[in-house]
Amino acid sequence: MDIQFTARNLQKGQLKSVRKTVKKTLNDHLDSLLENYHLNQSKIHVTVEYFKDKYRITLRLHIPPRKILLAKETDEKLANALNQAVKELVRQVKKHQAKISGRENWKRKSRRNRIKQLKTKLSNFSKESHKESEQQLQPLLSRLEQYIRRELSYLRANGDLPASYPTMEDIRDEVILRLQLKWDELENRDEKLYQTLIKTVHEVLAEETRETSLHEKDISLEAELPEDPVSQAESMVEEETGEFYQPFEALHIEDIIPDNNVSLPDELVEKNAKDSCYQIMATLPNQWRQVISLVYQEQFPVEQVSESLAIDSISRTQRLLEHAEAFLLESLKDRGIALDKELLLKLLRV
């Protein structure tokens, strides 16, 4: 790391000691960090000014090829201003490196720090309270995990979350820790407890989707470049022939025209209807899907659905449910599957 130093309004006797202090602080807190990130060629320009009985520190870090990070701090004491400026610059370096190294890895580190903070807070609670929460949550975990998997599948199918992050375990662990932190405030009846778990799941997932949407245009500078479209097209020439030409298969008329006298087994009809339901639910707006999922699959009352999804009124929740039901039933009818609400409930019940 190349350090360039500029001083303004300092006494001649101070200059040597200030330069030495700045160099030592930067070497202690910044040099090893830049080395770990392979940014040893970076240059830092340090400006120390003294005016109105205060020191102002300005740090400009030039990271090849064109990135410049800036940190400024002012304090009556030189050491305080310098330490705060270096701390801010370290934060910016870590953020920059996280961004160019891939957003998912950055989010994983952020989640680990958040989980660590939650566990630190939880350690202040009594062992009896912690043990009691684990005992009451244990019977609900299987049902909770199934719900989280289902929600993650829908959010990934719609592109609201990446394919591999967060995992079901990530969401489950954070939900449980958040719940344990407010354990003394909860009503510990099983169903009420499960409803609170579901509410916390949606809070965590909402934060994840919001974070993903904020950074969806970020591009990792370390990721491999996509194949050039022209090269990709050239490599696919005549691929269609190999894919569709099947000379060893003879096509007969009976393979094309269905036999109306043959009926499908009831199990196959039900499976087809159920698969169609889940496919259509994946296309629903998130709030519609969440409402119908909680009512039909988790058997929540409408009042509790409003609370779990933070919907402002029960009447609005009821309207969302009616819209989702109507759309689902009509879409099934378009596929040749005629159902009423009772059959739909039977089909979607977990």
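Bear in mind these aren't lab numbers, they're just calculated from the coordinates by the rules spelled out. Computed from a predicted structure; not experimentally measured. Neighbour counts run over all protein chains shown; Cβ positions are idealised from the backbone, glycine included.
Here are the numbers for this structure:
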quantity	calculated
Geometric extent, Cα atoms of the stretch 103-214 - Rg, Dmax (angstrom)	14.4, 42
Gyration tensor over alpha-carbon atoms, the stretch 46-182, equivalent ellipsoid semi-axes in Å	43, 24, 8
Peptides 142-153, 7-18 ordered by average Cβ neighbours within 10 Å, highest first	142-153, 7-18
Relative contact order of the stretch 2-100, pairs being alpha-carbon contacts under 8 Å that are 6 or more residues apart, as %	25 percent
Relative contact order (%) - the stretch 271-350, alpha-carbon pairs under 8 angstrom, separation at least six	39 percent
Net charge over other residues, Cβ less than 15 angstrom from the Cβ of residue 75 (K, R count +1; D, E count -1)	+1
Values of log10 I(q)/I(0), in the order q = 0.13, 0.16, 0.22 Å⁻¹, for the stretch 2-100 under a Debye, Cα-only, solvent-free model	-0.43, -0.63, -1.12
